[in-house]
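**Student:** The structure follows.
The values are calculated or read from the model by the stated rules, or taken from the named source; none is laboratory data. Just so it is clear, the model here is predicted, and its values are computed rather than measured. A quick note on method: Cβ atoms are made from the backbone with ideal geometry, for glycine too, and the neighbour counts reach across all protein chains shown. Heavy atoms of the whole protein, side chains included, go into the accessibility calculation; ligands, DNA and RNA do not. Shrake-Rupley method; radii C 1.70, N 1.55, O 1.52, S 1.80 Å.
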Amino acid sequence: MTLIPRLSTRLSRTARLRSMSKVLDVSTPSADQGEAANNDEADDEVAAGRRRRRALAVLLRTIDKESNTGGTTIIRQIERLAVKDAKQDDLANRLPDGLETPKYDVVARRKAGYEIRNYEPYSVCTVEMKSSVKANDEKRTKTDAKVSMPQLSGASSFGALAGYLFGKNSQETAMKMTTPVLTTNAGMDVEDASSNGDTKEMSFVLPSNYWNEDGTARAPQPLDGSGVRLQRDEGGTRATLMFGGFANKAEVKERKAQLLTLLEGDTEFVMSDGAKITLSQYNDPFTPPWKRLNEVSVKVTSK
């Protein structure tokens, strides 16, 4: 009589492990989204293991946050959500709550899946992304050294901007976090951008009280040598394509190509001369891929 309950327990445990494995497979970032891209580390088994352990930490955090029922039920629910991400039919609902983001009006929604938006002006803090600091460089162990170096890439660029926003500025003033994180020429290697006479930059949006014309002058100024600068974005009309998951290099290249191809068939708008593709990433690093919102966009003008 005890055989059936034991067998049921064993199968239930196997099913949970299988579901966990599936979720981890879709939650683990590829090498070009992980540390290998940011830190010049080899994409070896050790690095792959670190990425998978981080994905497991995100998964456990999600289970802890969302579990209102038994463990088996929530794991299966998460598996279904992760699989559903491939459909990406809820992207507009993935915008984080409580964070300021640039304001816009939707001019047109195309059946092909992209939008034409008209943005209001806003301000950003920006760093130029350059060649990465080597993983064994002693400067990597010094938090302030990261922020004071202009040669920033990936995680270091993010750290410099976060440092400025959270108080490493002339007034030692902490500001509220905003969304999204913006990257120009995303999907392109820093070296490729440089060889084309261009730059790759990462930006954070400043809080809205610095969005007016004198906002960058009133905002706390970056520290000398930080590599951070303030600038105003005048807004304007952009074609935008949303997508979920991790915004790794291959995915961004694919989405950029998709957007540009769709724009070629647009009867009303065309990409502006000299316009750069911008990647927008809206969610924090602990957000699982099936809840992430990303966008590629480019400035457009009427035909």
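**Student:** Take Thr301 and Leu95, extend 7 Å from each Cα along the Cα→Cβ direction, and tell me the distance between the two endpoints in nm.
**Tutor:** So the label points at Thr301 and Leu95 sit 2.8 nm apart.
**Student:** Here is a follow-up. Testing the spin-label approximation: label points 7 Å from Cα along Cα→Cβ at Gln231 and Lys111. State their distance in nm.
**Tutor:** Taking the two extended label points, one gets 3.9 nm.
**Student:** Phe286 versus Lys103, label points 7 Å from Cα toward the beta carbon: distance in nm?
**Tutor:** So the label points at Phe286 and Lys103 sit 3.1 nm apart.
**Student:** Something else now. Using a Förster distance of 25 angstrom, determine the FRET efficiency expected from the C-beta separation of Asp214 and Ser272, and round it to 0.05. Walk me through the numbers before you get to the answer.
**Tutor:** Values: r = 27 Å, r/R0 = 1.06.
Calculated value: 0.40.
**Student:** Which whole-Hz couplings ³J(HN,Hα) result when phi for each residue of the stretch 173-180 is put into the Karplus expression 6.51 cos²θ - 1.76 cosθ + 1.60, θ = phi - 60°, listed in order with x for Gly and Pro?
**Tutor:** Computed from phi, the couplings for the stretch 173-180 are 9, 8, 10, 6, 5, 10, 8, x Hz.
**Student:** Could you please state how large a percent of the accessible area of the stretch 253-303 is carbon and sulfur, counting protein chains only and using a 1.4 Å probe?
**Tutor:** 52
**Student:** Let me ask another. Amide H of Ile277: which non-local residues (sequence gap of 5 or more, or other chain) have their own amide H closer than 5 Å, using H built in the peptide plane?
**Tutor:** Asn185
**Student:** Determine how large the accessible area of Thr199 is when every protein chain is in place; take a 1.4 Å probe and give Å² rounded to the nearest 10.
**Tutor:** That residue has around 40 Å² of solvent-accessible surface.
**Student:** Which of the residue pairs Lys103/Lys256; Lys168/Lys249; Lys168/Lys299; Lys176/Lys291 have a Cα-Cα distance greater than 28 Å in the structure shown?
**Tutor:** Too far apart for the 28 Å limit: Lys168/Lys249; Lys168/Lys299.
**Student:** Would you mind checking which residues have amide H under 5 Å from Lys130's amide H? H placed 1.01 Å from N; only 5 or more apart, or other chain.
**Tutor:** The answer is Leu152, Ser153.
**Student:** Can you compute 3J(HN,Hα) from phi for each residue in the stretch 114-130, using the Karplus curve 6.51 cos²θ - 1.76 cosθ + 1.60 with θ = phi - 60°, rounded to whole Hz and x for Gly and Pro?
**Tutor:** Whole-Hz 3J(HN,Hα) from phi for the stretch 114-130: 10, 10, 9, 10, 10, 8, 7, x, 7, 10, 9, 9, 9, 10, 7, 8, 10.
**Student:** Step through the residues of the stretch 288-303 one at a time and calculate ³J(HN,Hα) from phi using the Karplus curve (6.51 cos²θ - 1.76 cosθ + 1.60, θ = phi - 60°), rounding each to whole Hz and writing x for Gly and Pro.
**Tutor:** Result, rounded to whole Hz: x, x, 6, 10, 8, 10, 10, 9, 10, 8, 8, 5, 10, 10, 5, 6.
**Student:** Can you list the residues, at least 5 places off or on another chain, whose amide H is less than 5 Å from the amide H of Asp198, using H built in the peptide plane?
**Tutor:** Residues meeting the criterion, in which the H sits 1.01 Å from N, do not exist here.
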